[in-house]
Amino acid sequence: MQSQQLNLDVISNNLANVNTTGFKKSKIEFQDLLYQTTRSAGAEAGAGNQLPTGLQVGHGSKPVATSKIFTTGELTQTGAQLDIAVQGDGFFEVQMPDGTRAYTRDGALKTGSDGRVMTSDGLALQGGFQPIPAGTTSISIAPTGEVTTTSQSGSQNFRVQLVRFANPAGLENVGRNLYKETTASGTAELGNAGENGFGELAQGYLEMSNVQVVEEMVNMIVAQRAYEVNAKAVQASDEMMQMSNNLRR
């Protein structure tokens, strides 16, 4: 019952973030618990015979992992010049207030008063992002990361890069659409968009979450029924013990 409660919590979090930009759904994984062995398979049964099967009783299940599924979500066109979606593998790199680095798939970017490109939380983008000059009239971002800004004083060109990991499921979720590197994820690998397996950039689009509402609703029904049948098993066990206690000689 505790396992199914945690399962429901994971499903609820997925549904709560169905409209979160760049959100990746989680899936929970279970393992069965230890078994009480009354008879071992292959034990001697006398006269040279062996037991073909054993007698074991399990003790339930336990959750062992909640891993992120990094499939690309649906792209929604916004038309904003600094809305960027990653089509495929890759993260944007940002600098945290303490100087460490974090990574995000949220491409709803903004510019600060000094022209720096940043997230909605004010975290500055790294990976080649340069300040946008004051008076810029247009920003063009190619699928391979080349950025061209045009202003009255002329044009500026630079190229932005993406980051990827050998095991993105091992990244640490820290909220605010951010992930942090761990020993399980591997070290960050910097590369150009559209090259060597990195995803391409789509200007004027945002990547929505990869949560499928219908799928999560079905999973919720399954979790609810599994919780219910486990509760029924506890109730049935209680009734059986009650009947035993009420026996008379």
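The values are calculated or read from the model by the stated rules, or taken from the named source; none is laboratory data. All values derive from a computational prediction rather than experimental measurement. As a convention, Cβ positions derive from the backbone with ideal geometry for all residues, glycine included, and neighbour counts pool all protein chains shown. What goes into the accessible areas is simple: the full protein's heavy atoms, side chains included, and nothing from ligands, DNA or RNA. Shrake-Rupley method; radii C 1.70, N 1.55, O 1.52, S 1.80 Å.
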Subject >> Spin-label zone in segment 59-87 - amide nitrogen under 12 Å from a point set 7 Å from the Cα of LEU34 along the C-beta vector >> reply: 59
Original post:
For the chain, what does -39500 (n - 2.57) per DSSP helix run (n ≥ 4), summed and divided by total residues, give at 222 nm, in deg cm²/dmol to the nearest 500?
Top reply: -7000 deg cm²/dmol
**OP:** Could you give me the radius of gyration and the Dmax of segment 1-124, taking only the C-alpha atoms into account and expressing both in angstrom?
**Re:** 25.3, 89
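Just flag the GluC sites (Glu not before Pro) in segment 141-249 sitting in loop per DSSP whose Cβ has no more than 15 other Cβ atoms within 10 Å.
Those satisfying the criteria are GLU195.
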Original post:
Where Rh denotes the Kirkwood radius from the mean inverse Cα pair distance, what is Rg over Rh for segment 58-105?
Top reply: 1.19
Subject >> Crossing angle, helix 213-245 versus the chain [Cα axis fit, 0-90 degrees, rounded to tens] >> reply: 20
Subject >> Paramagnetic reach from SER120 (point 7 Å along Cα→Cβ, amide N under 17 Å) across segment 19-36 >> reply: 19-25
**OP:** Can you quote the Å³ per residue value for the convex hull of the Cα atoms in the chain, rounded to an integer?
**Re:** 186
**OP:** Would you mind computing Rg(Cα) / (2.2 N^0.38 Å) for segment 164-249, counting N as its residues?
**Re:** 2.09
**OP:** Can you pull the one-decimal nm distance between simple spin-label points at ALA41 and GLU189, each 7 Å off the Cα toward Cβ?
**Re:** 4.1
Subject >> Gaussian network model of the chain, Cα within-10 Å springs - most flexible of GLN77, GLN36, GLN87 >> reply: GLN36
Subject >> Kirkwood Rh, angstrom, segment 102-249 [1 / mean 1/r, Cα pairs] >> reply: 19.9
Original post:
In nm, to one decimal, how far is the SER151 label point from the MET243 one, both placed 7 Å along Cα→Cβ?
Top reply: 8.3
Original post:
What is the Rg over Rh value, at two decimals, for segment 53-152, using alpha-carbon atoms and the Kirkwood definition of Rh?
Top reply: 1.26
Original post:
By how many degrees, between 0 and 90 and to the nearest 10, does the Cα long axis of helix 2-16 differ from the longest principal axis of the chain?
Top reply: 20
**OP:** Excluding GLN77 itself, calculate the net charge of residues whose Cβ lies under 12 Å from the Cβ of GLN77, where each Lys or Arg counts +1 and each Asp or Glu counts -1.
**Re:** -3
Original post:
How big is the Cα convex hull of segment 34-92 in projection, averaged over all directions, in nm²?
Top reply: 8.5
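Give me the percent of the accessible area of segment 1-159 that comes from carbon and sulfur atoms, probe 1.4 Å, all protein chains in place.
Ligands and nucleic acids excluded, carbon and sulfur reach 48 percent.
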**OP:** Give me the lysines in straight-line cross-link reach of LYS24: C-alpha distance below 25 Å, same-chain residues under 8 apart excluded.
**Re:** LYS62, LYS68, LYS110, LYS180
